[in-house]
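**Student:** The structure that follows is given in the form of structure tokens.
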Amino acid sequence: MTTETLEKEAMKLTPAKRLRLAEKLMNSVDATSRPTGRTKAASLRGATLAETVRRLRPFPDGKSFYDLTKDLCGSVTGGPGDLATNKSHLKDLGKWKR
């Protein structure tokens, strides 16, 4: 999903709000949005969304936990076997949903 799509979805879900900003910050927002042809509100939404997405990615370069630890897969010995191969471990799976 693109940033633009996420912005459109955010507009559908949230009511309009007022935001007070220091004059210097507002001038910076204006200077940033003017060359792109976007409104100040759209620029602020984009910046807020980008920061939110950045904070939700706890690992560097967008890598997943698996990407960072795949060299460790299979390196532990002596643990339990694959429980999914034993049908007795799976007999009650999903009963809480019923």
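**Student:** Pairs please, first residue from region 53-65 and at negative phi, second anywhere and at pLDDT 75 or above, Cβ atoms under 8 Å, 6+ apart in sequence or on different chains.
**Tutor:** Going by the 8 Å Cβ cut-off, the qualifying pairs are F59/F65; F59/D67; F59/L68.
**Student:** Here's a check for you: in region 50-91, which residue that is assigned to a helix (DSSP H, G or I) and of a type in the set (S, T, N, Q) is farthest from T5 (Cα to Cα)?
**Tutor:** S88
**Student:** Let me ask something additional. When you go through R54, R45 one by one, which is the residue that is basic (K, R), surrounded by fewer than 12 Cβ atoms within 10 Å (Cβ to Cβ) and modelled with pLDDT under 85?
**Tutor:** R54
The values are calculated or read from the model by the stated rules, or taken from the named source; none is laboratory data. Everything numeric here is computed off the predicted structure, so don't read it as measured data. Glycine also receives a Cβ, built like all others from the backbone with ideal geometry; neighbour counts cover every protein chain displayed.
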